[in-house]
Every structure is written in C-alpha cells, then in structure tokens.
Amino acid sequence: MRLLLSFGLSLAVTLTAGIRLAHADDPCAAFTWEVRHERALFETKPQILTGGQTVTASPTLSADHLYQVELTAQTEVKFSQPPGRKHGDGGAFAGLVRLTVEMAGVYRISLDQPVWVDVIANGTMVPAKDFQGRPGCNAPHKIVEFPLPAGSPITLQFSGSTNPTVKVAVTRS
C-alpha cells in the first residue's frame, strides 16, 4: 500500500512539473480562463478587413470568426467616443469596426497584440468586465470581456497600435 501511495504521489509531482514546463514553453497556456475556443480561432486563416475611419464606413464583424483588421494612422480616425486610454498620436494606428450580437451577455474581444479596445453601445462607452493578457503570446495576446446588449449596433474602437494590423475575434464568454 505504501509503495502504491508513494508511486501515486511521485506521479502527481511529475505531472505537475510537466504541466509547469509546458506553460513555460507556451506562454499562451498561462491564461487562467478557459480559452481553447479563442486559441482555436487564432489558428485559422483570418478574413482581412479594412478598419473604418468613421463609424458609418466601418466593416461589420461576426462572432466566432478571426479577422485581420487593417488599421490607419490614428490621427485620421474619427472616434465615436474619445479613446479610453490616451496614446500619443504620433505613429499610432487605429480603426473602427461594427458588431451586433443576437444574445445579450458577456463577450470576449481577443487581440493578437497590446492594442487598446473600446466598446461603444447605444452611444455610450461600455466598461470592461475583466481582462487578461500574456506577454510572449499573440494567439491571442490579450482578451477583454465586455457585457454587450442584444440587437444594438456596437462599435469597437482600436487605438494606440504600433502595428498597422490587428487580429481580432469576438466570442461569447
């Protein structure tokens, strides 16, 4: 019995160490949320869209798809609301996209880099519910949760990007 208990304890320690090593090898494995769905989307080929400079000229996203949004100089974008985080406009990229969800609830906006994202619904800024990010990971790098209303046009504002593109996916939490 002691031998079996000792073996079991040894196996548990070995498995735990193996999991920690796997996390060290894969920075994307360090999310504390269940993100298999988001990670699977980031392994697919993205649909390429050009982010809008105005809300009315913005493309529309659908949930559960991966997009690569081409951004423009931030100084050229006419935001619906001022970005929630001030970035120097010099050299930053930005863009707008639209979204409508059928069911109200908490949704995740997943991004491949540390880009600021604001959500505007019914003319007001929607505060983030929670977020996580993982340095060294870009599949995804950052996930922000927002409570979204059903059937209302929603604007996602990307700003402060150092890259002219951002990959994004929207999923139900």
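The values are calculated or read from the model by the stated rules, or taken from the named source; none is laboratory data. Please read all numbers here as calculations on a predicted model, not as lab measurements. FYI the Cβ positions are ideal-geometry reconstructions off the backbone, even for glycines, and counts take in every protein chain you see.
For the range 131-151, the criterion of a residue being polar (S, T, N, Q), in the same structural domain as Leu41 (by TED's automatic domain parsing) and more than 11 Å from the chain's Cα centre (by Cα) is satisfied by no position.
Restricting attention to the range 88-124, the residues that are over 21 Å from Ala139 (Cα atoms) and of a type in the set (S, T, N, Q) add up to 3. From the list Ala17, Ala73, Ala12, the one residue that fits, being among the small types (Gly, Ala, Ser) and either modelled with pLDDT of 90 or more or touching a strand residue (DSSP E or B) at 6+ places or on another chain (Cβ under 8 Å) (or both), is Ala73.
Condition check: within 15 Å of Ser62 (Cα to Cα) and part of a loop (DSSP other than H, G, I, E, B). Does Ser152 satisfy that?
On the way: within 15 Å of Ser62 (Cα to Cα): yes; part of a loop (DSSP other than H, G, I, E, B): yes.
Here the answer is yes, as Ser152 does meet what is asked.
Checking each residue of the range 70-84 against the condition of being on the phi < 0 side of the Ramachandran plot and within 12 Å of the chain's Cα centre (by Cα) gives no match. Screening Glu43 against (1) more than 21 Å from Ser173 (Cβ to Cβ); (2) surrounded by fewer than 12 Cβ atoms within 10 Å (Cβ to Cβ); (3) in the same structural domain as Thr100 (by TED's automatic domain parsing) leaves a single unmet condition, (1). Reported count of residues in the range 152-173, each being in contact (Cβ under 8 Å) with a residue 60 or more places away in the chain and over 13 Å from the mean Cα position of the chain (by Cα), is 8.
If you check Ala94 against the conditions, is it on the phi < 0 side of the Ramachandran plot, touching a His at 6+ places or on another chain (Cβ under 8 Å) and crowded, with 19+ Cβ neighbours inside 10 Å? First the steps, then the outcome.
On the way: on the phi < 0 side of the Ramachandran plot: yes; touching a His at 6+ places or on another chain (Cβ under 8 Å): no; crowded, with 19+ Cβ neighbours inside 10 Å: yes.
It is false that Ala94 is on the phi < 0 side of the Ramachandran plot, touching a His at 6+ places or on another chain (Cβ under 8 Å) and crowded, with 19+ Cβ neighbours inside 10 Å.
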